[in-house]
1. For B:Val53, A:Val92, write out the residues from largest to smallest accessible area, computed with a 1.4 angstrom probe and no ligands counted.
2. Taking the label point 7 Å from Cα in the Cβ direction, how far apart in nm is B:Asp22 from each other copy of itself, listed shortest first?
3. Using 7 Å Cα-to-Cβ label points, what is the B:Lys108/A:Glu87 separation (nm, one decimal)?
4. Leaving out ligands, DNA and RNA, calculate the buried accessible area for the pair A and B with a 1.4 Å probe, summed over both sides, in Å² to the nearest 100.
5. What accessible area per residue, rounded to a whole number of Å², is obtained for region B:61-122 using a probe radius of 1.4 Å?
6. Nm distances between the label at A:Ala41 and the same-position labels in the remaining copies, 7 Å along Cα→Cβ, shortest first?
7. Could you run the Karplus curve 6.51 cos²θ - 1.76 cosθ + 1.60 with θ = phi - 60° over region A:110-118 and give me ³J(HN,Hα) per residue in whole Hz, x for Gly and Pro?
8. For the Cα atoms of chain A, what angle does the longest principal axis make with the long axis of helix A:42-54, in degrees from 0 to 90, nearest 10?
Number of protein chains: 2
Amino acid sequence: MQKQETLSKNQKIILDLIEKSDQPLKAYSILFDVKKKGINAPLQVYRALNKLVKIGKIHKIESRNAFIACKNSKCQIAKATVFSICESCEDVTEIHDHKLSEHLRDFKDNKGMKYTKYNLEFFGLCKKCI
Amino acid sequence: MQKQETLSKNQKIILDLIEKSDQPLKAYSILFDVKKKGINAPLQVYRALNKLVKIGKIHKIESRNAFIACKNSKCQIAKATVFSICESCEDVTEIHDHKLSEHLRDFKDNKGMKYTKYNLEFFGLCKKCI
DNA sequence: TTAAATATGTTATATTATTACACAGCGTTA
DNA sequence: TAACGCTGTGTAATAATATAACATATTTAA
């Protein structure tokens, strides 16, 4: 909870914007929208985005280069993310599936690698687009 | 098998290069390397890459914007990919884990979405970098 | 109260990817 | 065989995504 309160001015502006959207936003579309709030340069946006990703307030949809708010209040750290993406309407939903999370969390390869994070993206067609 | 033989000139040149590397290559580094073979423009590279991804000969590492050859002869279609990525040395390995694949293949959300594809990337530290 | 860490603002530039246009080769089919 | 669709090539221009470098301010903690 206190994480939210210690966000800086730019971070708050950008998180607000992303939280108002239920779909992922792209960096330059964010930039366009926050110009009226005095944020003028891409770097200002990317700095805020990077921080927000780091603290788990938002996630990056890697295959789309876009950023979506995390609705899971428990998810303070962006270390385990699962998304479904409709390839027709581009609707993106974050998935919280206990069983799946367990499998992913418990996964061990045979190379002795130590995992700290994962990102899973499912692609297909949503109900509306089938 | 016959897919390989029907690749075009540019597609072959670029697949050869990627297959010689055990690590992912970036589009513009590929472009640099194939200039001596007469491929001069980014678009020529991206067109070949897109085709090779589509037929499953290579995969895109989304979090790195890089392309790696698929070593799995069965994997003709890029529809189910799992990678481990070392965040220190950037070593990337494709993972084939039967049990994990099963769980991912069988996953159903509660939204009636029809999945055709997924991509999973694990991040952490490899044995050498721990 | 100084140092370290974090954030800001700005300019320029690097990196990644696509649009648009002209044309070539190949197999189908009418 | 000619017309067509499909896939691929080549080239130029440009769009979209992201970072480097520098100067300065603010907050935090010792």
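1. Numbers: B:Val53 40, A:Val92 5 Å².
Of B:Val53, A:Val92, the descending order of accessible area is B:Val53, A:Val92.
2. Ordered by increasing distance: 4.8 nm.
3. 2.2
4. On the way: alone 8990 and 9010 Å², together 15170 Å².
For chain A against chain B, roughly 2800 Å² becomes buried.
5. Working: 3260 Å² over 62 residues.
That works out to 53 Å² for each residue.
6. Shortest to longest, the spacings are 3.4 nm.
7. 9, 10, x, 7, 9, 8, 10, 6, 8
8. That works out to roughly 40 degrees.
The values are calculated or read from the model by the stated rules, or taken from the named source; none is laboratory data. Fair warning: this is a prediction, and the values are worked out from it, not measured in the lab. Please note: Cβ atoms are built from the backbone with ideal geometry, for glycine as well, and neighbour counts cover all protein chains shown. Ligands, DNA and RNA are excluded from the accessible area calculation, which covers all protein heavy atoms including side chains. Shrake-Rupley method; radii C 1.70, N 1.55, O 1.52, S 1.80 Å.
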